[in-house]
Every structure is written in structure tokens, then in C-alpha cells.
1. If each residue of separation counts as 0.36 nm, what is the full-extension length gain between C:Ser344 and C:Leu38 once their alpha-carbon separation is subtracted?
2. Show me the three semi-axes of the equivalent ellipsoid for the stretch C:283-393, from the C-alpha gyration tensor (sqrt of 5 times each eigenvalue), largest first, rounded to whole Å.
3. Helix-only estimate, please: 222 nm mean residue ellipticity of chain A, summing -39500 (n - 2.57) across DSSP H runs of length 4 or more and dividing by its residues, to the nearest 500.
4. May I ask for the percentage of alpha-carbon pairs in the protein assembly as shown that lie more than 42 Å from each other?
5. Add +1 for every Lys or Arg and -1 for every Asp or Glu among the other residues with Cβ under 12 Å from the Cβ of A:Leu115, and state the total.
6. Using the count of nearby Cβ atoms within 10 Å as a rough guide to exposure, how do C:Ser97, B:Ser38, B:Ser141 rank from fewest to most?
7. Principal axes first, then extents: for the Cα atoms of chain C, list largest minus smallest coordinate on each axis, whole Å, largest first.
8. Explain nothing, just the number: dipole magnitude of the protein assembly as shown about its Cα centre with +1 on each Lys and Arg Cβ and -1 on each Asp and Glu Cβ, in debye rounded to the nearest 20.
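Every number here is computed from the coordinates shown, using simple stated rules; none is lab data. These numbers were taken from a predicted model, which means no experiment stands behind them. Quick reminder, even Gly has a Cβ in these numbers, built from the backbone with ideal geometry, and neighbours come from all protein chains shown.
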Amino acid sequence: MPREYLPILIFLAIAIAFPVAAIAAARLIRPAAPFRTKLEAYECGIKAASDSRGRYTVRFYIIAILFVIFDVETIFLFPWAVRYKQLGWFGVAEVAVFLAILAVGYVWAFKKGALEWV
Amino acid sequence: MLIDTVLFYIFAAMVLSGAIFTITRRSAVHSAISLICSLLGVAGLFLLQRAEFLFAVQIVLYVGGIMVLFLFVIMLVNLDLAAKARQFNRAWAVGIAAVAVVGAEMAWFLYRGRAAFHIAENGGAGLGSAAAGNTEMIADSLFSEYLLPFEIASVLLLVAVVGSVVMAKKRI
Amino acid sequence: MHAIISHPLFAPVLITLALIAAVPLVAGYLSLVERKVLADFQVRLGPMRVGPHGFLQPIADAVKLLIKEDIIPSDSDKAIFWFAPCVSTCAALTAFSVLPFARNIAVADVNVGLLVVSSMSSVGILGIILGGWSSNSHYSLLGALRSAAQLVSYEVALAFALLSGVMAAGTLSMQGIVKAQLEHGVWGVFANYGFMIVPFAVYIIAATAETNRAPFDMPEAESELVAGFHTEYSGFRFALYFLAEYANVFVVAAVAVTLFLGGWLRPFPGVSWLAVPLNYGFPAVLLGGSGLLTLTLVRKLKDPLQQKVLVFLAVTLAILGAVFLVPAVNGAVAGLFWFLFKVSCLIYVQIWFRGTFPRFRYDQLMNIGWKIAIPVGMAAVLINALLGMISRA
């Protein structure tokens with residue numbers, strides 16, 4: 001492993017330990033007086049009529065899948081962004097084609113109203 | 001290096017235990033979390049192999065992208081009801097065949113060791129030297145040698161855009 | 001003893017411990033600053049009771065949250081409810097490990113530093129989704145879905161803006177990005193004939209949405225979703241989400257400063273005769289002046305204890321200002337000062353947004369993300385490439 005990542009892993013370990021230790025330490029001093037109504041989910045005052053884990057609108061799914069697609073796209077471009085001056089006009093042309101093909105998909109989705117939040 | 005060995009076993013344990021819990025947990029969200037653990041372990045293994053860029057990509061894309069999508073889907077369709085239903089597909093034969101194939105592959109690689117892997121041209125040379133920087137090396141080979149796969153990837157992503165919109169929208 | 005100090009891990013571990021100890025404090029004081037600044041916008045006083053001018057309010061808040069009862073709803077998924085806030089906090093904290101605070105002050109400087117920050121921000125989304133889902137309350141789940149959908153939408157625009165910044169610098173290492181700006185003699189935001197201002201604007205908008213802050217604070221739109229994904233959270237678990245949120249505010253500002261505003265470089269890094277007035281004069285006048293202005297407030301306070309706290313604060317500020325006049329120390333702390341000063345300015349701008357803009361509707365928010373920010377960011381990448389190639393030739 002490259003040496004310079006070791007401090008990040010140490011940081012990560014301490015960053016994991018900090019919230020866990022804080023919650024555990026808080027347990028020693030905080031009160032604990034639960035009763036049934038207190039432990040109900042927050043609602044308008046009467047018990048929720050249905051379990052909240054039901055079915056929700058498919059819009060969220062479209063957003064998530066479009067995000068994954070565009071995320072892949074941007075990740076592909078990061079190596080190019082680092083080296084684009086060395087790769088020259090040829091690299092710019094490559095990326096222009098890459099982005100153009102995806103722009104077609106974007107415009108199509110736009111026209112079909114997939115980006116519309118209803 | 002001792003520390004590398006220790007980290008390898010930690011990451012490998014994350015990958016394997018995550019994978020096992022992914023298929024054994026009843027609740028879909030618990031499975032997803034186990035899968036996240038497994039994917040993070042894979043990211044760690046990439047890091048141990050000095051593939052820094054892939055390490056970051058693994059976390060950004062798989063943990064931050066694909067798993068968010070998975071969790072969305074789990075939340076949207078309420079899989080908990082499905083999990084309580086009796087399992088109806090009993091395709092044992094197919095399952096055993098698949099396991100046998102994968103097991104044979106694993107045995108082959110363990111038996112042959114390094115020789116079983118065909119390392120791409122120029123791929124092996126870059127692994128040793130970290131001087132050039134991992135991202136830069138990826139850029140140089142992706143945008144010169146592997147130009148066509150890169151452009152085809154954009155077509156693949158285009159198909160994914162069309163497919164997802166067609167699937168999710170009732171009226172087009 | 002010498003063997004410990006000269007160990008290559010000594011400085012990173014020391015900075016790690018200092019950061020982990022400082023971030024909760026900074027997050028608390030950011031909330032105080034936010035309340036005070038907003039109060040000022042609205043011609044109110046803001047918190048005034050705990051300490052002089054509410055100076056000790058964050059401490060009181062932290063203690064209160066620490067000794068509050070921790071309520072875990074009976075229908076919740078207890079294990080996930082337990083660790084979801086830890087995921088958010090841990091991700092937000094870990095992003096600090098690659099921030100370049102000064103030339104020599106950073107926990108780690110890695111080749112893919114910028115991607116480490118964005119990977120941590122994407123892991124933070126998981127904490128929100130899992131927290132909202134495990135609460136098993138309608139408000140939490142809807143808040144989590146909205147929040148996550150908003151975060152992922154703006155993450156794409158954010159990535160395009162980062163791409164432009166990376167193109168100007170030619171590296172993903174955070175220290176490397178700052179050093180590239182030192183070599184060019186100009187801040188990233190003015191590179192490429194000033195066109196970088198466009199990705200910078202995209203970044204600021206996307207980053208505001210990414211930290212769930214007004215005018216994009218839909219997930220916590222208190223008039224419709226109570227408190228969004230952390231409706232069911234109380235006590236210290238709520239504090240962890242709160243900490244993650246303010247830590248993220250700092251991180252996005254720090255990334256903007258690193259990529260676009262020169263990181264720990266002073267203004268005009270290429271003009272050498274400005275070094276003395278900017279590196280010595282400016283921090284000394286700013287901090288010393290604040291100390292003197294604080295002293296003028298002491299008379300107005302009645303309580304002697306509060307007066308003492310304020311005098312202590314004023315003297316500390318003045319000493320901090322005086323430290324910048326010592327040449328030996330100045331070289332080490334001037335970079336840190338500029339970095340923190342720029343970050344503070346950007347955070348002030350974010351608070352300013354909150355005091356100025358009304359909240360968007362959710363469909364408007366999605367429209368801005370998908371129909372404006374993403375195409376603009378994408379076009380900015382291409383135009384930057386063209387301009388960069390022209391300036392190279």
C-alpha cells in the first residue's frame with residue numbers, strides 16, 4: 001500500500017471511534033425513562049395508520065439511476081481532466097465525442113420529460 | 001511488510017463476511033449494508049495493490065452510486081413483504097452447476113498462481129513505479145490505447161439512459 | 001522521545017487528533033456564528049444569555065445534547081438506527097484527512113485527494129438514507145428520500161465543476177492543486193481568461209445544495225417534514241447528524257478554497273512585494289483590531305464574570321494578532337491563516353444565502369439541478385478544455 005494512505009486509515013479509525021465512544025459515554029450520564037407512547041414514531045398524535053415502509057413514487061428511482069449513469073460519466077472524465085494538456089487536441093476530440101453521445105441521451109430524456117419532477 | 005499483511009486480512013475479512021451476510025440476512029436493507037461492507041473491503045484491496053484511482057472509483061461509484069440506487073429500490077418496493085413469502089424457486093441444479101464452475105476456476109487460479117493471469121501489455125511495467133501517479137497512467141492508456149472501449153462505454157451509458165427512462169415511465 | 005517525534009507518522013497523527021478534537025468545537029461555533037449573523041440580518045440580537053453575547057452557547061448546547069435522553073422508537077430497526085448517524089459523522093470527519101490547511105499542515109497528501117473527499121461525501125448520503133429508513137416514521141423516510149435524491153442530483157453538477165477545477169490544476173492531489181496555482185501565479189477561479197468563474201458558480205450552488213442548506217434545505221423543510229430524516233433522532237445521535245452537517249459545510253468551503261481560491265496562498269501569490277503587507281499586516285490588523293473592538297464591548301456588560309470572559313477573549317485575539325508579527329512564526333502560520341480566512345468568507349456567504357433567498361419548491365430544486373446546473377457544468381468542462389488548449393498553444 002502507498003505509505004501516504006496510512007495516516008488516512010488512522011484518521012478513519014479514530015473518526016469511527018469518536019462517535020461510538022461519544023454515544024457510549026453519553027449513556028453513562030443521560031437519563032433513560034422510556035414508556036410506550038414515548039417510543040412511538042412521531043405522528044400527528046395518534047398511532048400511525050400504516051407502516052411507513054410502503055411504496056413510494058418511481059421518480060426517486062429515475063433520479064437515482066440517472067445519477068449512477070452520470071456519475072460513471074464524470075468518473076471517466078477525471079483521468080482525462082488530469083492529463084488533458086498532455087493528451088492534446090486528440091483527447092479533447094475524444095471527450096467531445098463521448099460527451100456528445102451522452103448529450104443525445106440527456107436531450108432525449110429531457111424531451112421525454114424524464115427530468116420533470118411531477 | 002507486516003502492516004500490509006494485516007490490512008490485507010482485515011479487508012479480505014470485510015469482503016468475505018460482507019458477502020456471506022449479504023445472502024444470509026433476511027432483511028433486504030441489512031443485506032445491502034453487508035454488500036456495502038464487502039464493497040468497501042474491495043476498495044481497500046485495490047488500495048493495497050496501489051490502484052489508488054480504482055480505490056476512489058470503487059467508493060464513489062459502488063458505495064455512493066450503485067448502493068444508493070439499491071437502497072432506493074429497496075425502500076420503494078417494500079421487499080420485506082416479499083422476504084416473508086415462501087421461497088418458490090428451487091433451481092438447485094443450476095445453483096450447484098454455477099458453484100462448481102466458479103469453484104473449478106478458483107482451484108485453477110490457486111494451482112497456477114501468478115502464471116494464470118495474463119497481464120495486459122504495458123500493464124505490468126507501471127505497477128512497480130508509483131512515480132508517474134496512478135491516475136495519470138490510467139489517463140494515458142485509456143485515451144490512447146483503449147480509445148474504442150472508452151467511446152463504446154458512452155454508447156453503453158446512452159443505452160442505460162434510454163432503458164431506465166423507458167422502464168420507469170408508463171407513457172413515452 | 002526524539003525517536004517518536006522524528007517518526008514519519010508523528011505529525012499526521014498529531015494533526016489527526018487535533019482535528020478530531022477541533023471539528024466538534026468548530027461545528028458548534030459555526031452554529032453560533034450562523035445564529036448571530038442571521039440575527040444581525042433580521043435586526044435581532046440572537047443568543048445573548050450564555051456567556052457574554054452568547055459566547056458560550058455552543059458549549060451549553062453540547063452539554064444539553066449529551067445529557068438528553070436517547071429515544072429509540074420501538075418500531076425502528078435498532079442496529080441501523082444506532083450506527084446511521086455514526087456513518088454520517090465518520091464520513092464527514094474523514095474528508096478532513098486530505099484537506100490542505102497549509103503547506104505543511106495536512107494529515108495526508110495523496111494522489112487522488114479530491115476523489116477521497118467526494119467519495120466521503122457520497123458515503124455520507126448512506127448515513128442519511130439509513131437513518132431515515134431505520135426510524136420507521138413517514139416523515140423520516142420521506143425526508144431521507146428527498147434528501148438523498150437532492151444530494152445525488154447535485155453531486156453530478158458538483159463533479160462537473162470539480163472536473164473544471166482539476167483541469168486548471170492538472171492533478172487530483174489537494175496540495176498539488178494549490179501548488180499548481182502557485183506556479184501559475186493566479187487563483188484557479190481567474191484561470192482560463194476568467195472563464196473558471198462559471199464552474200466556480202456551479203460549484204457554490206451545488207455545494208449549497210449538497211450541504212442541505214437554505215435555499216435548498218428541502219429535506220428539513222420544517223413546515224412540511226418536521227425535521228426531515230432525523231425527525232426521530234434525539235440527544236447525542238441528533239448531535240452527530242448536526243456535527244456531520246456543519247463539518248460538511250466546512251469541507252465544501254475548504255474544497256472550493258483549494259480548487260478555486262488558491263488554498264493557503266495569499267491573494268496575488270505572484271506579486272512578491274505584497275508578501276509583507278498581506279502576510280504580516282493583514283492578519284495582525286484583522287485579529288488585533290477584533291480584539292480591540294471586543295474590548296469596547298466590555299463596558300456595556302453588567303456581570304463581572306461575563307466581563308472577565310470577554311476580556312480574556314479580547315486578549316486572546318490580540319495575542320493571536322501579535323503572533324503574526326513574529327517573522328519566525330509567520331512563515332508557519334500565514335498559510336493556515338489565509339486558508340481559514342477564505343473558508344470563513346465562503347461560510348459567511350453560505351449564511352448570507354440563507355438569510356437572503358426563500359426556499360425553493362422541490363420541483364424547482366430538481367429543475368435547477370438537472371436542467372441548469374448539469375448542462376452548464378458539462379458545457380463548462382468542454383469550453384475550459386478549448387480555452388486551456390488555446391492558452392497552451
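1. On the way: separation 306, 0.36 × 306 = 110.16 nm, distance 1.52 nm.
Taking 0.36 nm per residue and subtracting the Cα distance, the gain is 108.6 nm.
2. Working: eigenvalues 374, 134, 13 Å².
The answer is 43, 26, 8 Å, longest axis first.
3. That calculation yields -24000 deg cm²/dmol at 222 nm.
4. Values: 65459 of 232903 pairs.
Here the tail beyond 42 Å accounts for 28 percent of pairs.
5. Details: positive: A:Arg59, A:Lys111, A:Lys112, B:Lys169, C:Lys371; negative: A:Glu116, C:Asp363.
Counting the neighbours of A:Leu115, the net charge comes to +3.
6. Values: C:Ser97 28, B:Ser38 20, B:Ser141 17.
Going from least to most buried by this count: B:Ser141, B:Ser38, C:Ser97.
7. Projected onto the principal axes, the Cα atoms of chain C cover 64, 63, 52 Å.
8. Details: 47 positive and 36 negative charges, 267 e Å.
Here the protein assembly as shown has a charge dipole of around 1280 debye.
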